[in-house]
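Working notes for the structure below.
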Amino acid sequence: MMPGVSGDLDSIVARIAAVEGTGGRPLIAIDGIGASGKSAFAAQIATRIQGRPVVVLHVDDFFNPSAIRHMRGRQSPDGFWLDAYNYDALINWALRPVKETGAYCEGSLDHGHDRTVQPPPRQAPERAFVLVEGTFLHRDELRQFWNYSLFLDVPFDIAAQRMADRDALNGTHSAESLPRYIGAQQIYFRQARPWERASLVVDNTDFNEPRVIGAAQADADIEPWNAERYSP
């Protein structure tokens with residue numbers, strides 16, 4: 001095992017490695033709230049899969065430009081839920097083509113110019129595992145694409161502290177945005193109950209001790225979120 005990491009990670013990798021997909025390229029969703037450890041978890045999985053190539057897609061690379069993301073207001077939970085991501089690009093430039101032919105675009109947002117652009121497509125190797133990490137991945141319009149899916153379950157108090165620590169490291173401030181993000185997750189949880197739709201639920205409270213749990217044990221199912229609690 002990788003030094004410092006234990007828990008059920010090897011078992012999780014074994015389950016993913018057993019998945020087959022249409023065209024030989026299984027799409028694996030790694031879903032969770034902000035700061036639940038999705039990108040780090042995807043990287044861990046990618047390094048542990050043996051004998052087959054791995055492609056990792058980050059849904060945050062498919063953000064809409066800011067004019068669209070914030071058109072309902074910078075503090076609007078509905079705006080983050082409905083407008084944050086360019087799902088048309090994610091589906092038609094990445095998920096559908098990589099599933100059918102192996103071609104995919106890595107993103108849709110030109111961050112420097114804050115505009116949507118379609119980059120040149122890349123080609124996923126035959127039999128590659130395609131790991132897609134991001135939030136809202138079990139929403140209705142996306143769930144059909146996954147051959148297997150994970151929901152990383154983390155209490156929001158812990159995720160919020162991770163966000164604060166990350167902001168301190170990066171010199172940014174997200175406190176004013178927390179109610180927007182939490183409110184959007186509340187909408188997502190009500191509409192999709194992702195811990196029930198996922199193939200596997202993983203308690204990722206401790207990055208070094210990921211544990212497989214049942215859907216009924218998920219903190220997301222047990223503890224209601226209160227956006228006002230996190231208002232600055």
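The values are calculated or read from the model by the stated rules, or taken from the named source; none is laboratory data. All figures in this text were calculated on a predicted structure; none of them were measured in a lab. Don't worry about glycine lacking a Cβ; one is built from the backbone with ideal geometry, like all the others, and counts go over all protein chains shown.
Considering (1) within 18 Å of the chain's Cα centre (by Cα); (2) crowded, with 17+ Cβ neighbours inside 10 Å; (3) farther than 13 Å from VAL132 by Cβ, say which one GLY32 fails and leave the rest.
Of everything listed in (1) within 18 Å of the chain's Cα centre (by Cα); (2) crowded, with 17+ Cβ neighbours inside 10 Å; (3) farther than 13 Å from VAL132 by Cβ, GLY32 misses just condition (3).
What pairs come up if the first residue lies in segment 53-73 and is among the small types (Gly, Ala, Ser), the second is modelled with pLDDT of 95 or more, and their beta carbons are under 9 Å apart, counting only those six or more places apart or on different chains?
Going by the 9 Å Cβ cut-off, the qualifying pairs are SER66/ASP114; ALA67/ASP114; GLY73/GLY79.
Is one or more of the residues making up segment 173-183 surrounded by fewer than 20 Cβ atoms within 10 Å (Cβ to Cβ) and under 24 Å from SER11 (Cα atoms)?
no
State whether one or more residues within segment 170-189 are over 19 Å from the mean Cα position of the chain (by Cα) and among the small types (Gly, Ala, Ser).
Within segment 170-189 (the criterion being over 19 Å from the mean Cα position of the chain (by Cα) and among the small types (Gly, Ala, Ser)), the answer is yes, since at least one residue qualifies.
Restricting the search to segment 105-116, which residues are more than 15 Å from TYR87 (Cβ to Cβ) and not acidic (Asp, Glu)?
HIS111, GLY112, HIS113, ARG115 - these are the residues of segment 105-116 that are more than 15 Å from TYR87 (Cβ to Cβ) and not acidic (Asp, Glu).
Which residues, taken from segment 90-106, are assigned to a helix (DSSP H, G or I) and either of a type in the set (Phe, Trp, Tyr) or touching a residue at least 12 places away in the same chain (Cβ under 8 Å) (or both)?
Of everything in segment 90-106, those that are assigned to a helix (DSSP H, G or I) and either of a type in the set (Phe, Trp, Tyr) or touching a residue at least 12 places away in the same chain (Cβ under 8 Å) (or both) turn out to be LEU90, ILE91, TRP93, ALA94, LEU95, ARG96, PRO97, VAL98, LYS99, GLU100.
What are the residue pairs meeting all of these: first residue in segment 181-205, first residue on the phi > 0 side of the Ramachandran plot and without any contact (Cβ under 8 Å) to a residue 12 or more places away in the chain, second residue among the small types (Gly, Ala, Ser) and assigned to a helix (DSSP H, G or I), Cβ atoms under 7 Å, and 6 or more apart or on different chains?
Short answer, once both residue conditions are applied: none.
On the given criteria, is VAL98 surrounded by 20 or more Cβ atoms within 10 Å (Cβ to Cβ), under 30 Å from ALA14 (Cβ atoms) and under 16 Å from the mean Cα position of the chain (by Cα)?
For VAL98, the condition - surrounded by 20 or more Cβ atoms within 10 Å (Cβ to Cβ), under 30 Å from ALA14 (Cβ atoms) and under 16 Å from the mean Cα position of the chain (by Cα) - is not met.
Looking only at helices (runs of 4 or more DSSP H) that lie completely in segment 1-89, which have at least 3 residues being under 24 Å from TYR181 (Cα atoms) and modelled with pLDDT of 95 or more?
38-48, 66-69, 77-83
Those residues that are at pLDDT 95 or above and in a loop (DSSP other than H, G, I, E, B), I need them from segment 210-232; list them, please.
Once the filter is applied, which keeps residues that are at pLDDT 95 or above and in a loop (DSSP other than H, G, I, E, B), segment 210-232 yields PRO210, GLY214.
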